[in-house]
Each structure stands twice: as C-alpha cells, then as structure tokens.
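The values are calculated or read from the model by the stated rules, or taken from the named source; none is laboratory data. Given the structure is predicted, the values throughout are model-derived calculations rather than measurements. Virtual Cβ from ideal backbone geometry, glycine too; neighbours counted across all protein chains shown. Side chains are part of the model used for accessible areas, which takes the heavy atoms of the whole protein and leaves out ligands, DNA and RNA. Shrake-Rupley method; radii C 1.70, N 1.55, O 1.52, S 1.80 Å.
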Amino acid sequence: MKASSRKTKDGQVIRYLQLAHNEWDAAAGVSRTKILHSFGREDEIDRDGVKRLVAALSRLLDPAGALAATSAGELTLASSRPVGGTYVLDQLWRRLGLDAVIRRQLTGRKLDPRVERVLFALVANRALAASSKLAATGWIADDAHIDGLDEIDEQSCYRAMDYLLTIEPEMAKAAYFQVTDLLNLEVDLLFFDTTSTYFETGEEDEPVPRDSGGHRVEADDKAAVKDTGFRTHGKSKDSRDDLPQVVIGMAVTRNGIPVRVWSWPGSTADTDLIRQVRRDIREWTLSRVIWVADRGFTSQKNRRALMQGGGGYIIGEKLRSGSAEVKAALSRQGRYAAVRDNMQVKEVNIGTDDRFVLCFNPAQAGRDAIIRARLVVQLEEVINDTDKLTAVERARIEGSLGNKPGLKRFLRTTPGGLLRIDKAKIKAEANLDGKYLLRCSDPGLSAEDIALGYKQLLEVERGWRDMKQILDLRPVYHRREDRIRAHILLCWLALLLIRVAEVAAGDPWTWNRIRTELQRLHAVTCTGPAGTFRQTTEPSKSQRDVLAALGLDPPKKIIQITPAP
C-alpha cells in the first residue's frame, strides 16, 4: 500500500491511498513503482469494498497465507517445537499399516477415537525423548507436534495402553508381513533371544495361577499350570539376582527388525518361552522357519521344542561345556573356507543327526589372546608370594576369586595347597581363540549360511542394548502387570520404527544421527487477530537427504490453522 499527500490552500493535508507494486527495471538498474489500483482519498475510502477485495484476493492463497496477509504486522510468534522426528515416525507407522490395524480393531467399540493417535504419541516419545507417561503428556502438549493430537491427559494414556494389550498380536502380524518379503523365500530365519529387566524393589508380586504362557487365569481354569508372581526372582541377565524381574523375549528378522516381543514372569523356564513363541509365530502361517538362538538354548529339551511343527534351528554350542560332541567337533581335522565378514568356516561330521560348523575369526582370535594375557598378568599379581602364607590364607585368596571366573579359570592348586598358573589350561584356551561352534538341524543350508545367519544374532543383542539405553526400558514406573506388559510393547514398537528407519535409510544413517538431524526441523506457531497457524521451517540439505533416503516427502509447509472465532 502506498500513501501520498497534498496540502490544500486552507492548509488541510489530504492523504490518498494506492495499491502499488515495485518492479525491477533491469535496463536502468533501478526499482520502479507501478500503481495497480487507486483507492482515492483516505477519509472517503470504501472500507467495506476493501474488505471484499481482500477476501476475493485471499481465495487465491492457501489458508495460512491468507491469514498472514490479513494479519500483516500483527502476527506474534507463539512457539517453536521439533517436528521432524514425529513426522518421520508417523509416516513409517502408517507405512507399516499400524494405524489401520488399530482403527480396524476400534470398529464397533466404545473407545476414545483418539486411541490410535495416543498410542503413536507414546511410541514416538520412547523413540525421541523417553519419559514416564505423566511426563509424556507434557511432551505431547508442549514439546512435540503430533498430527491429530494437541494434548492428552495421563488417564487417556493408560486406557490406550490397556487397549494395546488386546491388539498386539494383530499389530505384530501386520508389521511382519510389511517388512518381510516371503514370496521368494524357501526358508525364513527368525532370530530369538531373551533378556531380563529388574525392579528396584525387594518385594515379589503375590503368586497367582498362570497358564503355560505366563498369563493370569482363574484358579479353577484347566489351563492353570503354576502359581507365580509376574515380578519375581529368577536367573538375572543383568547380574541382579537379588531383585525381582521379568523375562523378555524378542524375535528379529535377518536384517535386524524386531517383529514381536513377549514378556513372562521372572522365573519362567526356557522351554516354556519357546513353546509360546512357536505357537504364536505358527499362527502367522509362515513357510518353514529356522530359529537362530544363542548358547542358552542348547539343551536337548530346548532343541526338541524348537523342532516341533517341522521347524529347525541354528544354535551356538558352549565350547567349554566338555561334552562329547564338542570334543569330537574340535578334534576333527579339515581346512577352513573363507567366507564374508572376515570369517572362516568348516563343517565337521561327527556322526550325529545334527550338523556342526566350526567358525574362526582371525581378528577375534587376536583379541582373545590379548585379553587372556592380561588376565594371566592380573592372576600372577594376586598369587605372587602366596607360598609364604598359611594354607588358610591361601584358601581365602582362592575363594575371593570365586566371583572372577575369568581369573579363576587359569588357577590351579597343587597337591600341597600352593597356588599356580595353569599352563595347560592356557594352552587349551589358546586353541579356542576366535572360534565358536554351531549346531544346525537343517540339511539344506550351506555352512556359510549357517555361520552368517548366527552372526546376525548380534542384531538381537543390539536391540536389547537400544531398548535399555536409548528407549529407557528401565526403570519401569509401573507396578501393575498389565501396565508393565504394555510398557514393554511400547518399547518394542519404538524399536521397530527405529530399525525400519535405519534399514530404509542405509549407511551412514544411524538412528541417533537421523533423530539429531530431524529434530532441528521445527514447527513454528504464529497468532494474530485472524487466528493461529503452524508451519514448518524450511528443510536443510541434510534434512532433505534424510527424507530422501527414507523415501519420504518433506512435511507440508502449513500443518495446522485455526481461524479466530
């Protein structure tokens, strides 16, 4: 708008208003003003006509652009919050069909229609800024933009978690068939492992009747097989046998995507875990499944359970078990064949139905030798000059090594009670450097496939580390069993989205890097007399690179608009 004025003979100043536009005159090298429309005298202007003109012109703009134009000079920057992380997670959530599964399950139920959005928000919170459910409500309202959910209360979060328990099997199945192409696979590899998480309380839960899967049932239910609490004592993988715990199992695809998670009472035996996992996976009607598990599942009873239903297994053997099968496999001569990832393998025939593959990693062998040398030096320092001590004092030193198996392994006691380095044990251990032994029930897999398949079990271990460190699986703020189970499911869903993002983006995009880059993309909220609108900042080159690697378009420029009443 351009204003000009002139003074009349009687000294009165008259102002005239014109709609003007500056154009660049390239030939003259100056900007020239072009009059588009003259409104006449300011004191005689048809203000209603101007409003009609503005309204007509606003129809050519997007809503926020029109709002900004009509509020020019009066807009206030109300807030700015990260939007990139929640946007990408939401797109992956929809790509996996998780939103559709939840909405389909909501059909015909008298539940809050926002349940799907609440569950997504809680999952996004675990992946981006893990916190308690109470803190998550503040994060949703003030620190993140969740499409379709501006705010939520704590009780709504708990109700959504309760609902999650009933639909988890359908969500897991939908996610699996989205991330796994089964059309060209004759054998499906699923990697399975367990961990435990403890609770900072000295009290176990009260024992209640449970079925073979660890779920609560009525006392007179025929499915009841044992009485135990959910948080109870068991063999801790966190070295906290003094605290009650729960056991968690996870199945992971060959490219590291966790497709399902389970939770059981802290004292559950491996065979009970395997039985339920096999039953649940069988419901997906997959083709033949080869289970890949670590040395904790190598017992004959566990192997028999894994073979039920026509499945198979690849299991690590304990080289120091001293079993006849391990001794026979290690004694067989043969030449190693080099395969990928700095690994050498050879299959050894010891006359059993199972196949045995001995693997050797030269780099790991060097690391094992260095570690053993350090342990021997430490042990020498401990037993140095102990010959001068009494038998009771030497026995006390030997007993102090009970909680240091790495040192005690190389200690021997002479018939006279003297403490010595066991050189025979050192030689025997050197023969195991860089080696591990695999047992496989499948006759069709090559030795290379068996070795590389087992190596991918490291993806499960990485998943446990991320669940405990990035997603803050512990501490668990809940006491009720159903809420603890739901908390574990939220952590699994967050890990699922993280792994899908990493696999889709490829190197060098780790989740930490993806999250850091995307959280710099903000949603800015502006208010004015005509209302409020929220728009995204312009993506940087790095942010566009991340989105392109994930196969996603940048978020919409205008993501929310609320006209004034």
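Within region 535-563, the only residue that satisfies the criterion of being touching a Pro at 6+ places or on another chain (Cβ under 7 Å), open to solvent by 50 Å² or more (accessible area, probe 1.4 Å) and within 17 Å of Ala78 (Cα to Cα) is Ile561.
Please determine, by comparing only the residues of region 351-391 that are touching a Phe, Trp or Tyr at 6+ places or on another chain (Cβ under 7 Å) and over 24 Å from Ala338 (Cα atoms), which one is least open to solvent (accessible area, probe 1.4 Å).
Kept after step one, since they are touching a Phe, Trp or Tyr at 6+ places or on another chain (Cβ under 7 Å), are these residues of region 351-391: 359-360, 375-376, 379.
Now drop any that are not over 24 Å from Ala338 (Cα atoms), which leaves 375-376, 379.
Values: Leu375: 40, Val376: 21, Leu379: 1 Å².
Restricting to residues being touching a Phe, Trp or Tyr at 6+ places or on another chain (Cβ under 7 Å) and over 24 Å from Ala338 (Cα atoms), the top hit is Leu379.
Taking first residues from region 146-157 that are within 20 Å of Val524 (Cα to Cα) and partners that are open to solvent by 70 Å² or more (accessible area, probe 1.4 Å), the Cβ contacts under 7 Å between residues at least 6 apart in sequence or on separate chains come to Leu149/Arg114.
For region 396-420, give me each residue that is under 48 Å from the mean Cα position of the chain (by Cα) and of a type in the set (A, V, I, L, M, F, W, C). Selection gives Ile397, Leu401, Leu407, Phe410, Leu411. Can we say Lys423 is open to solvent by 80 Å² or more (accessible area, probe 1.4 Å), over 43 Å from the mean Cα position of the chain (by Cα) and closer than 26 Å to Leu358 by Cα? So Lys423 fits the description; yes. Among all positions in region 87-102, there is no residue which is within 29 Å of Glu538 (Cα to Cα), of a type in the set (Ser, Thr, Tyr) and either assigned to a strand (DSSP E or B) or open to solvent by less than 10 Å² (accessible area, probe 1.4 Å) (or both). Between Leu547, Leu552, the distinction of being in contact (Cβ under 8 Å) with a residue 40 or more places away in the chain, among the hydrophobic types (A, V, I, L, M, F, W, C) and outside any loop (DSSP other than H, G, I, E, B) belongs to Leu547 only.
Could you tell me which of the residues Gly266, Gly249, Gly256 is within 30 Å of Trp93 (Cβ to Cβ), at pLDDT 80 or above, open to solvent by less than 10 Å² (accessible area, probe 1.4 Å) and touching a Phe, Trp or Tyr at 6+ places or on another chain (Cβ under 9 Å)?
None of the other options fit; the residue is Gly249.
A count restricted to region 5-21 and to residues that are farther than 14 Å from Ile45 by Cβ and open to solvent by less than 60 Å² (accessible area, probe 1.4 Å) stands at 3. Among the residues of this structure, Arg278 does not count as one that is at pLDDT 80 or above, within 26 Å of Leu490 (Cβ to Cβ), of a type outside the set (Val, Ile, Thr) and open to solvent by 70 Å² or more (accessible area, probe 1.4 Å). In region 262-273, the residues that are of a type in the set (Phe, Trp, Tyr) reach residues that are open to solvent by less than 10 Å² (accessible area, probe 1.4 Å) and part of a loop (DSSP other than H, G, I, E, B) with C-beta atoms within less than 8 angstrom, at least six apart or across chains, in these pairs: Trp264/Gly213; Trp264/Gly214.
Mind checking which residues of region 493-524 are in a strand (DSSP E or B) and either surrounded by fewer than 19 Cβ atoms within 10 Å (Cβ to Cβ) or in contact with a Gly (Cβ under 8 Å, 6 or more places away or on another chain) (or both)?
If we filter region 493-524 for residues that are in a strand (DSSP E or B), which is where we start, we get 522-524.
Once the filter is applied, which keeps residues that are in a strand (DSSP E or B) and either surrounded by fewer than 19 Cβ atoms within 10 Å (Cβ to Cβ) or in contact with a Gly (Cβ under 8 Å, 6 or more places away or on another chain) (or both), region 493-524 yields His522, Val524.
Conditions (1) under 30 Å from Asp205 (Cα atoms); (2) assigned to a strand (DSSP E or B); (3) of a type outside the set (Lys, Arg), marked per residue:
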{"residue": "Asp238", "(1), (2), (3)": "yes, no, yes"}
{"residue": "Asp242", "(1), (2), (3)": "yes, no, yes"}
{"residue": "Ala251", "(1), (2), (3)": "yes, yes, yes"}
{"residue": "Asp280", "(1), (2), (3)": "yes, no, yes"}
{"residue": "Lys301", "(1), (2), (3)": "yes, no, no"}
{"residue": "Leu306", "(1), (2), (3)": "no, no, yes"}
{"residue": "Tyr313", "(1), (2), (3)": "no, yes, yes"}
{"residue": "Arg335", "(1), (2), (3)": "no, no, no"}
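Before we move on, is Glu461 under 30 Å from Leu164 (Cα atoms), surrounded by fewer than 22 Cβ atoms within 10 Å (Cβ to Cβ) and acidic (Asp, Glu)? Against the criterion (under 30 Å from Leu164 (Cα atoms), surrounded by fewer than 22 Cβ atoms within 10 Å (Cβ to Cβ) and acidic (Asp, Glu)), Glu461 qualifies. Checked against (1) farther than 23 Å from Ala373 by Cβ; (2) surrounded by 14 or more Cβ atoms within 10 Å (Cβ to Cβ), Tyr436 passes all but a single condition, namely (1). In region 105-128, of all residues being more than 23 Å from Leu473 (Cβ to Cβ) and polar (S, T, N, Q), the one that is most open to solvent (accessible area, probe 1.4 Å) corresponds to Thr107.
Output the residues belonging to region 403-417 that are in contact with a Lys or Arg (Cβ under 7 Å, 6 or more places away or on another chain) and either open to solvent by 50 Å² or more (accessible area, probe 1.4 Å) or closer than 30 Å to Asn302 by Cβ (or both). Once the filter is applied, which keeps residues that are in contact with a Lys or Arg (Cβ under 7 Å, 6 or more places away or on another chain) and either open to solvent by 50 Å² or more (accessible area, probe 1.4 Å) or closer than 30 Å to Asn302 by Cβ (or both), region 403-417 yields Arg409, Arg412.
When the residues of region 324-350 are filtered to those that are more than 18 Å from Leu432 (Cβ to Cβ) and among the hydrophobic types (A, V, I, L, M, F, W, C), the one that is surrounded by the fewest Cβ atoms within 10 Å (Cβ to Cβ) is Ala338. Considering region 179-214, and only residues there that are at pLDDT 85 or above and part of a loop (DSSP other than H, G, I, E, B), the residue that is nearest to Pro265 (Cα to Cα) turns out to be Gly214.
Taking every residue in region 380-409 that is among the acidic types (Asp, Glu) and pairing it with any residue that is surrounded by fewer than 16 Cβ atoms within 10 Å (Cβ to Cβ) and outside any helix (DSSP H, G or I), at least 6 positions away or on another chain, the pairs with Cβ-Cβ distances below 9 Å are Glu380/Ile421; Asp387/Leu418; Glu398/Thr413.
Number of residues in region 136-172 that are open to solvent by 50 Å² or more (accessible area, probe 1.4 Å), closer than 27 Å to Gly84 by Cβ and either among the hydroxyl-bearing types (Ser, Thr, Tyr) or under 20 Å from the mean Cα position of the chain (by Cα) (or both) equals 0.
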